[in-house]
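Q: Handing you a structure now.
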Amino acid sequence: MKNLRGKYAVITGAAKGIGLGIAERFAQEGVNLLMADILGDEAKREASRLSAEYGIKAEGYQVDLTSNDEIESMMSFAFDTFGRIDILVCNAGITIHNWATDYSIEEIDKVFDLDLRGYYLCARTAARYMKKKGKGNIVMISSANSVIYHSKRSLYNVSKAATAGMAGTLGVELARFGIRVNSVGPGYVATDLVRQGVENGTIKMDRNFQVIPEKRFIEVEEIASVVAFLASDESSAINGQNIIADLGWSKNALPEDTDME
């Protein structure tokens, strides 16, 4: 990807899943990494592996993204360690399934504090450092559920729709400082979390494949490629957008009859 080599990126939720896949792709492109996660030991272990394998600088960092103080400390550490923050990827998130009428206040706060407030605090804090250099790039992981919705997932749906809106409004506001902001909305990605959902019955892929035209899971590497593109200068005209990467799922209204197969 154009002009990624030698840059410095902060990735949240980087210990596993999509975040780790993004870190691996960035490392392949020669990007130096601060891999942040609540699972600090796992983040440090993966950072050490990527550093040895790709010859980049990589640090693992334990952080609670519901704490503004810890976010401030993380960004300060990244800036002090690397001298600049070129790229931020906001990826960490959770979901809790329930009827909207039945969520507890604690559950509402838990999802919104991480999936929405945490993204906003990370983005605005990183932007302060990016403004000093007159350039930066922020990519947020939203979801196909930012534009299509499931029942019993309203907290997740709302937070991901808001993430897409956040990328839009911050993209407008920060462009004058040389900072682009975009989001990526994955569909069903073959992560351990999704596989667990299939195994415990909360995700029914036989049903879902009826409206996913390619009838397969998305690989982590496919999402990482979209993020790398948006973080690179190859996407220099793209700002404030929510790029849906869902194999066409969000464009397929209803299951097709068997005679269409």
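Derivation of every value follows stated rules applied to the coordinates shown; laboratory data play no part. No experiment lies behind these values; they were computed from the predicted model shown. Methodologically, a virtual Cβ is constructed for each residue, glycine included, from the backbone with ideal geometry; neighbour enumeration extends over all protein chains shown.
Q: Students often forget the sequence filter, so: which aspartates and glutamates lie under 16 Å Cα-Cα from Lys57 once same-chain residues fewer than 8 apart are removed?
A: Leaving aside aspartates and glutamates fewer than 8 places away in the same chain, those within reach of Lys57 are Glu24, Glu29, Glu46, Asp80, Asp86.
Q: What does the helix-only formula give at 222 nm for the chain: each DSSP H stretch with n ≥ 4 adding -39500 (n - 2.57), the total divided by the residues, and the result rounded to the nearest 500 deg cm²/dmol?
A: Value at 222 nm, helices only: -13500 deg cm²/dmol.
Q: If I fit a long axis through the Cα atoms of helix 220-231 and take the longest principal axis of the Cα atoms of the chain, what angle between them do I get, 0 to 90°, rounded to 10?
A: Helix 220-231 sits at roughly 50 degrees to that axis.
Q: With the cut-off at 21 Å, report for the range 183-249 the share of all Cα pairs above it, as a whole percent. Don't skip to the answer; put the middle values down first.
A: Working: 708 of 2211 pairs.
Looking at the range 183-249, the distances longer than 21 Å represent 32 percent of pairs.
Q: Which whole-number percent of Cα pairs in the range 36-148 have a distance greater than 22 Å?
A: Roughly 41 percent, once rounded to a whole number.
Q: Another question, then. Calculate the translational D of the range 85-234 in whole µm² s⁻¹ from Stokes-Einstein, where the hydrodynamic radius comes from the Kirkwood formula applied to all Cα pairs, the temperature is 25 °C and the viscosity 0.890 mPa s. Mind dumping the intermediate values first?
A: Details: Rh = 16.4 Å.
Once the numbers are plugged in, D ends up at 149 µm²/s.
Q: Pick from Asn239, Asn208, Asn200 the residue whose mean-square fluctuation is largest in a GNM of the chain, springs joining Cα atoms under 10 Å.
A: Between Asn239, Asn208, Asn200, it is Asn200 that shows the largest mean-square fluctuation.
Q: A follow-up question, please. With springs connecting C-alpha atoms under 10 Å apart, model the chain as a Gaussian network and identify which of Gly201, Gly185, Gly118 has the largest mean-square fluctuation.
A: Of Gly201, Gly185, Gly118, the most mobile in the Gaussian network model is Gly201.
Q: Per-residue counts of other Cβ atoms within 10 Å, averaged by peptide: what ranking do you get for 155-166, 72-83, highest first? List each step's numbers first, then the result.
A: On the way: 155-166: 21.7, 72-83: 16.3.
By packing density, highest mean first, the sequence is 155-166, 72-83.
Q: Which residue fluctuates the most in the chain, going by a Gaussian network model with Cα springs under 10 Å, if the choices are Ser143, Ser225, Ser183?
A: Ser225
Q: Oh, and also: What is the total of Lys pairs in the range 89-248 with C-alpha atoms under 22 Å apart, excluding same-chain pairs fewer than 8 positions apart?
A: Numbers: Lys110/Lys152; Lys110/Lys160; Lys152/Lys160; Lys152/Lys204; Lys160/Lys204; Lys204/Lys215.
Lysine pairs meeting the criterion: 6.
Q: What is the sum of charges around Glu72, taking Lys and Arg as +1, Asp and Glu as -1, for the other residues whose C-beta is under 13 Å from the C-beta of Glu72?
A: Residues close to Glu72 contribute a combined charge of -2.
Q: Turning to a different aspect of this structure: Starting from the coordinates of the alpha-carbon atoms of the chain, obtain the Kirkwood hydrodynamic radius over all distinct pairs and give the value in Å to one decimal.
A: That comes to 18.6 Å for the chain.
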